[in-house]
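Heads up, the thing below is written out as structure tokens.
Read the figures in this text as sums done on the coordinates, not as results from a lab. Worth saying up front: this structure is predicted, and the values here are computed from it rather than measured. All Cβ positions, glycine included, derive from the backbone under ideal geometry; neighbour counts span all protein chains shown.
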Amino acid sequence: MSSAPPKIYALHENPEWFPPFTRAFEAEGMEVEEWLLTDGVLDLDAVPPEGVFWSRISASAHTRDHGLSKDYARAVLAWLEAHGRRTVNGRRVLELEMSKVEQLMALKAAGIDTPRTVAAVGREQILAAAHDFPTPFMTKHNQGGKGLGVRKFTSHAELADYVASDEFEEPQDGITLIQEYIQAKEPFITRVEIVGGEFMYAVKADTARGGFQLCPADACAIDPITLQPIMPPGATIAPVAGQQLFSLREDFDHSIIDKYLEFARRNGLEVCGIEFIEAEDGRVLTYDVNTNTNYNAVVEAEAPRSAPFALARYLKGLAA
């Protein structure tokens, strides 16, 4: 008599982002137990259940009043991996999700071009970090997601006024990045989706309407209070109801795909979305690695294959 395959556990903190995966798991006839890592109790002397543990903790968890999720997830993943449990996007990948510095250094180590970046540790160091940057330039939070702290500055005086003002957004980990502003050849960025070592598809994101907050999840597009489309920072054209910021980049075939697949393999990234921009000066610059990658319903409807369904089948294969 054969035993049942190991159970699959999904470690996350945001139920609003989970429905696409629920539908995929149900379609595959899979039993998946959700572990919401917002707060809780972890018995270090207990033995974790057998199973496959998929982590999708987000760097922006603190914006949903889940400021404990990052460190709770660190503890849970350390516990699981100490007991030899199979984790997908485990402890090492969590650190990539939480630090753009780590992402950029890993990308550089893989020979992938990135924007010039300087990290300022502490609010008082931001002006010094930006001193040698030509204008315009950008700031962003090291622990990012949802465009946190992303602003464009046209002068150093403008930055000084912002840093000294009450509008200054304190980064969660105290690290602000100063980054060169990249003038895009066309007003969009591209996001390459990877699941289980395979390229799924490329997403085109409209930066004219989407600005700097390019979260593809359907829940990100609407203000939860006004129920109106959000006008993101950096957008130059106001979005309107029903208008899509994301579309499939059809027939995408670029040498960057192979670089990303190798990067994902080297860093244990089993599920990720990697973003790049094609600059006006011809450079192809990678600036963000998303390990809690979300999927947009419109893109999924256009794509030749479904990323959530591919993920469900991948986890099912690991469990088998």
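In deg cm²/dmol, rounded to 500, what helix-only [θ] at 222 nm does the chain give when every DSSP H run of at least 4 residues adds -39500 (n - 2.57) and the total is split over its residues? Walk me through the intermediate numbers first.
Working: 10 runs with 88 residues, N = 320.
After summing the helix terms and dividing by residue count, I get -7500 deg cm²/dmol.
Remark on M200: its backbone amide H falls under 5 Å from those of E193, I194, V195, a criterion applied only to residues 5 or more positions apart or on other chains, H modelled at 1.01 Å from N. Spatially, segment 279-320 and segment 41-103 are offset by 21 Å when compared through their Cα centroids. Pairs with C-alpha atoms separated by more than 20 Å, drawn from the list K100/K140; K7/K316; K108/K146; K100/K152; K152/K259, are K108/K146; K152/K259. The simple spin-label model puts a point 7 Å past each Cα toward its Cβ; for E28 and D45 those points are separated by 3.7 nm.
For the chain, give me the percentage of DSSP beta bridges that are antiparallel, rounded to the nearest 5 percent. Mind dumping the intermediate values first?
On the way: 38 of 51 bridges.
Approximately 75 percent, going by the DSSP bridge assignments.
For segment 51-66, 3J(HN,Hα) computed residue by residue from phi via the Karplus equation (6.51, -1.76, 1.60; θ = phi - 60°) reads x, 10, 10, 9, 9, 9, 6, 9, 5, 9, 4, 5, 6, 10, 6, 10 Hz, glycine and proline entered as x. Pair-distance distribution of segment 117-180: all C-alpha pairs, bin width 5 Å, starting at 0; shares per bin in whole percent are 4, 20, 35, 29, 11, 1. Using equal-weight Cα scatterers in the Debye expression, the normalised intensity of segment 7-93 in log10 at q = 0.19, 0.22, 0.25 Å⁻¹ is -0.87, -1.13, -1.35. For segment 78-160, the relative contact order is 23 percent, taking Cα pairs closer than 8 Å that sit 6 or more residues apart in sequence and dividing their mean separation by the residue count.
Let me know the shape class of segment 249-308, please: from the alpha-carbon gyration tensor, a ≥ b ≥ c as square roots of the eigenvalues, rounded when a/c is under 1.5, otherwise prolate if a/b is greater than b/c, or oblate. Don't skip to the answer; put the middle values down first.
Values: a/c = 1.75, a/b = 1.17, b/c = 1.49.
It is oblate, given that a/c is not under 1.5 and a/b is not larger than b/c.
Looking at the chain as a GNM with Cα springs under 10 Å, which of M98, M30, M200 has the largest mean-square fluctuation? Sorting by GNM fluctuation, first place goes to M30. Based on the Kirkwood approach, the hydrodynamic radius assigned to the chain is 20.6 Å, with every pair of different Cα atoms included. Here the Karplus relation 6.51 cos²θ - 1.76 cosθ + 1.60, evaluated at θ = phi - 60°, turns the backbone of segment 138-147 into coupling constants of 10, 10, 7, 7, 5, 8, x, x, 6, x Hz, with x for every Gly and Pro.
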